[in-house]
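Enquirer: Pasting a structure here, questions to come.
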Amino acid sequence: MEMTVPTPDLGTDPVFAAEQAHLTEVYGKLEKIGHDAVAAMEAVAAAAAEDKKNMADELAVNFATWDDILETHADIVAMNNIIEAHDMANSVQAERLRAVEVLLREPYFAKIALQFREGQPAKELYIGSAGVSDENYRRLVVDWRSPVAEVYYNQVMGPVSYEADGRTIHADLKLRRQFDIEGPRLVSYFDSDVAIEDKLLLASLSRGRSAHMQAITATIQREQNLVVRHADVPVLQVAGVAGSGKTSVLMQRIAYLFYQHRGALDPTQVFLISPNPVFGRYIDRVLPDLGERNPEILTWAQFLAPLLPAGRGVGEGDVTYERLAAIDRAVAGFAFERSDFRDIEAAGVRLLGGDAVAKVAAKFDHLPAGPHRVTLMNEELDVRLDARLKGIAAQEDTHDEIADLPIEEQLRLFGETFEPQTDEEARTLAYTYVRDKYADAVRQVRGADWLDIDEIARRLMGVDGLTSVEWVYLKMALTGLSDPEAKYVMIDEVQDYSAGQLALMARYFRRANFLLLGDPNQAIAEGTASWDEIRAVFEATRGPVDECRLMTSYRSTPAITDLFAALLPAGEAMEVSSVQREAAAPEVLVCESAKAWEAELARVVEEAYGVEGLTAVIAPWKSEARRLAKLLGEGVALLGDGDSLPEAGVVVLPLKLAKGLEFDRVVVPDASARVFPVNDLARRRLYTTISRATRHVTILANGPLTELLK
């Protein structure tokens, strides 16, 4: 049951008038909180500056006797405590200011009325993108991530419950009201109990796409909320149809985790593996708009490249899990030999030879080859390298070398010119210079680059060349290479990775919880893991895998949704639904000659310039995208890895780059039987291409139309 309230005049609808009055009051309080926070931060800064000046004047550093040392230490500790108190006060005000900045754009988007005890009045709570209280600690706006806000997203009226501080709270939901608000102005409101026909959702969707993904906080649907607020588990695998909001849900999930672990979770401990650089730029404003910092956003290549030797490309990722399991079995019985060790060189100087590494290895012959032994060897080699560097620092030639350095370089290294007064000072400064000059050698030792991974692979596995995935995995198996600080890893478009790539990430981020999002029907490359294989990899490495499904499409019109849903395997299409308003039906143009096809394509693109929004001509391959861009002329932009999406116009791009993106209009330049033969891979590629469109699709065929669309 849903009541729709049309946008009324302020004076004719008492509910509208009351809500506008409340909004005006809240907006004024938010502005005051913001001004007060700025004033408090300025006062803290002034007090901190004054305290530092006074303490500096009063602090007398005296190390003459043991009592003097203790007194000096106590004074320094007291000074640091005062500085920390100022920093804490400043951070509290900065947090309030960030919340206010978010809320001034839209103070809240929903209201719920909860009756906790029969006979008592219902408690009204306003829900927004951030939470803030007034000077009396009365909650003005409840953060959408708070436990009580869950009853809004569950979309069930009447008896409800939610978990807070380990307790189950029961209540009766009397009202679920949604608002369309612009700053201090109430545009409209809706009272509803079911969100699938949500007027606010439809209004949001009708605004169309933009060059950057927008937060969906106000319109999170029930099936999406199950993912956003899912319990912390080692692995959560989410399958969603095209346009079901997988990536939006992922970003809201990250924001939810930051809220749940506030103060304990740093953005540097959260990794989002994105399908391509364009996509990374497309999503990079979502969390900042919610007052949160972005996590580490990396493509597969950006993740893998730093783990490989300099100059070695990331290569292909088509590696099976069985291949990596074989590496683990082989390493378990492996013994080092002299040929497994490389010299450590830096700046053209051999600092530690392979023979020296072998002597260190011999000290630990009682241990099997593996992370524990390599760690002990690293520590020993680090000591030997340091002794070597100290020897170089003591040489007169080194001192002369430093004296000949440009003044700017001396200032960079020492903060002053090189004019030592004693031999000890000369050696100390020279040691700083040598550590800087041979810093790459220190990195090599600590990174276990003294291991010749390729030579080990030849002895261990009888192969002369490893793929990049195998190379890194073998080094991980031998050295324990990993990021133990990572707490969460989100892999978007997970169906585009091989089992080997996924196993490598599962091992590298060994302490992190994983969220795996994707659509099995958007696997557009050969050699990627099936949905069941993805689950099997993480079950083998992490244990049980939780699963969720998203079957409602919010991106495309019903006609477009029906078109791409018809490309799904039997049984799946029946579950897919769209909540968008209807628009023009997809257009299919079959051309009997190449000349006619070129003319039709040029006409379609020319007409697209006269239509509002962004049109994408999506080619199946990069080479075809380049050919089409040349064919269509200079006015059409060819989108590459380094580009961002424009707001409007026409772009040509390959399907691989279009993954995860959406466009107002999509042109499929050639859906002929030659380009899309009847097989699973072609079906998935066509499904992915069509499903990028929100409002309109034009399909051309240079020759007979693919049977997949008949």
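Enquirer: Do we have residue 612 as open to solvent by 70 Å² or more (accessible area, probe 1.4 Å), of a type in the set (Asp, Glu), modelled with pLDDT under 95 and farther than 25 Å from residue 247 by Cβ here?
Expert: Working: open to solvent by 70 Å² or more (accessible area, probe 1.4 Å): yes; of a type in the set (Asp, Glu): yes; modelled with pLDDT under 95: yes; farther than 25 Å from residue 247 by Cβ: no.
When the stated conditions are applied, residue 612 does not pass them.
Enquirer: I need the full set of residues from the range 139-171 which are within 12 Å of residue 115 (Cα to Cα) and either of a type in the set (A, V, I, L, M) or touching a Gly at 6+ places or on another chain (Cβ under 9 Å) (or both), in order please.
Expert: Matches in the range 139-171: 157, 160, 169, 171.
Enquirer: Shifting gears a bit: Report the residue count in the range 225-242 for those that are in contact with a helix residue (DSSP H, G or I) (Cβ under 7 Å, 6 or more places away or on another chain) and either open to solvent by less than 10 Å² (accessible area, probe 1.4 Å) or among the small types (Gly, Ala, Ser) (or both).
Expert: Total satisfying the criteria: 9.
Enquirer: Looking only at the range 390-400, decide whether some residue is in a loop (DSSP other than H, G, I, E, B) and charged (D, E, K, R). Write out each step before concluding.
Expert: As a first pass, look at the range 390-400 and keep what is in a loop (DSSP other than H, G, I, E, B): 394-395.
If we keep only those that are charged (D, E, K, R) too, we end up with none.
The answer is no; no qualifying residue exists.
Enquirer: Additional query: Of all residues in the range 117-140, count the ones that are open to solvent by 80 Å² or more (accessible area, probe 1.4 Å) and in a loop (DSSP other than H, G, I, E, B). Before you say what the answer is, go through the steps one by one.
Expert: Start the filter on the range 117-140 by keeping residues that are open to solvent by 80 Å² or more (accessible area, probe 1.4 Å), which leaves 117-118, 120-121, 123-124, 135-139.
Right, trim to in a loop (DSSP other than H, G, I, E, B) and you get 117-118, 120-121, 135-138.
Looking only at that region, the number is 8.
Enquirer: So for the range 610-622 (the condition being of a type in the set (A, V, I, L, M, F, W, C) and either part of a helix (DSSP H, G or I) or in contact with a Ser or Thr (Cβ under 7 Å, 6 or more places away or on another chain) (or both)), does at least one residue qualify?
Expert: Checked against the condition, which is being of a type in the set (A, V, I, L, M, F, W, C) and either part of a helix (DSSP H, G or I) or in contact with a Ser or Thr (Cβ under 7 Å, 6 or more places away or on another chain) (or both), the range 610-622 yields at least one hit.
Enquirer: Another one. Being open to solvent by 60 Å² or more (accessible area, probe 1.4 Å), within 11 Å of the chain's Cα centre (by Cα) and farther than 30 Å from residue 651 by Cα is the filter here; which residues of the range 257-292 pass it?
Expert: Result: 268, single match.
Enquirer: Of all residues in the range 658-675, which are on the phi > 0 side of the Ramachandran plot and either assigned to a helix (DSSP H, G or I) or without any contact (Cβ under 8 Å) to a residue 40 or more places away in the chain (or both)?
Expert: Of everything in the range 658-675, nothing turns out to be on the phi > 0 side of the Ramachandran plot and either assigned to a helix (DSSP H, G or I) or without any contact (Cβ under 8 Å) to a residue 40 or more places away in the chain (or both).
Enquirer: A further question on this structure: Can you give me the ranges of the helices (runs of 4 or more DSSP H) entirely in the range 251-346 with at least 3 residues that are at pLDDT below 90 and within 30 Å of residue 95 (Cα to Cα)?
Expert: By residue number, 277-282, 286-289.
Enquirer: Follow-up question, since we're still on this one. Hey, can you tell me all the residues within the range 161-179 that are out of contact with any Asp or Glu (no Cβ under 9 Å at 6 or more places or on another chain), touching a residue at least 24 places away in the same chain (Cβ under 8 Å) and open to solvent by less than 30 Å² (accessible area, probe 1.4 Å)?
Expert: Correct list: 171 only.
Enquirer: Looking only at the range 8-49, filter to residues that are open to solvent by 60 Å² or more (accessible area, probe 1.4 Å), more than 20 Å from residue 105 (Cα to Cα) and of a type outside the set (A, V, I, L, M); which one of those is modelled with the highest pLDDT?
Expert: My answer is 14.
Enquirer: Here is a check on your reading of the model: is residue 457 modelled with pLDDT under 95 and aliphatic (A, V, I, L, M)?
Expert: Judged against the criteria, residue 457 is a match.
Enquirer: Of the residues in the range 443-502, how many are more than 27 Å from residue 351 (Cβ to Cβ), part of a helix (DSSP H, G or I) and open to solvent by 40 Å² or more (accessible area, probe 1.4 Å)?
Expert: Summing the residues that are more than 27 Å from residue 351 (Cβ to Cβ), part of a helix (DSSP H, G or I) and open to solvent by 40 Å² or more (accessible area, probe 1.4 Å) in the range 443-502 gives 2.
Enquirer: Condition first: open to solvent by 20 Å² or more (accessible area, probe 1.4 Å), part of a loop (DSSP other than H, G, I, E, B) and touching a residue at least 24 places away in the same chain (Cβ under 8 Å). Now tell me which residues in the range 676-710 satisfy that.
Expert: If the condition is that a residue be open to solvent by 20 Å² or more (accessible area, probe 1.4 Å), part of a loop (DSSP other than H, G, I, E, B) and touching a residue at least 24 places away in the same chain (Cβ under 8 Å), then 677, 678, 704 are the ones that fit.
Enquirer: Then there's this: Taking the range 293-311 on its own, how many of its residues are open to solvent by 70 Å² or more (accessible area, probe 1.4 Å) and over 30 Å from residue 259 (Cβ atoms)?
Expert: Final tally of qualifying residues: 3.
Enquirer: If you don't mind, there's one more thing I want to ask. May I ask you to verify whether residue 706 is at pLDDT 95 or above and under 25 Å from the mean Cα position of the chain (by Cα)?
Expert: Spelling it out, it is not the case that residue 706 is at pLDDT 95 or above and under 25 Å from the mean Cα position of the chain (by Cα).
Enquirer: If you don't mind, another one. Would you check which residues across the range 378-395 are open to solvent by less than 40 Å² (accessible area, probe 1.4 Å) and free of Cβ contacts under 8 Å to residues at least 40 places away in the same chain and list them?
Expert: 386, 391
Enquirer: Turning to a different aspect of this structure: Of all residues being part of a loop (DSSP other than H, G, I, E, B), touching a residue at least 12 places away in the same chain (Cβ under 8 Å) and open to solvent by less than 50 Å² (accessible area, probe 1.4 Å) in the range 347-377, which is nearest to residue 334 (Cα to Cα)? Just the residue, please.
Expert: Taking the candidates together, the pick is 369.
Enquirer: Looking at 148, 156, which is the one that is without any contact (Cβ under 8 Å) to a residue 60 or more places away in the chain and assigned to a loop (DSSP other than H, G, I, E, B)?
Expert: On the way: 148 fails: assigned to a loop (DSSP other than H, G, I, E, B).
Within the list 148, 156, the selection yields 156.
The values are calculated or read from the model by the stated rules, or taken from the named source; none is laboratory data. Since this is a predicted model, take the numbers as computed values, not measurements. Here the Cβ is made from the backbone with ideal geometry for all residues, glycine too, and neighbour counts use every protein chain on show. Note: areas computed on protein heavy atoms with side chains; ligands, DNA, RNA excluded. Shrake-Rupley method; radii C 1.70, N 1.55, O 1.52, S 1.80 Å.
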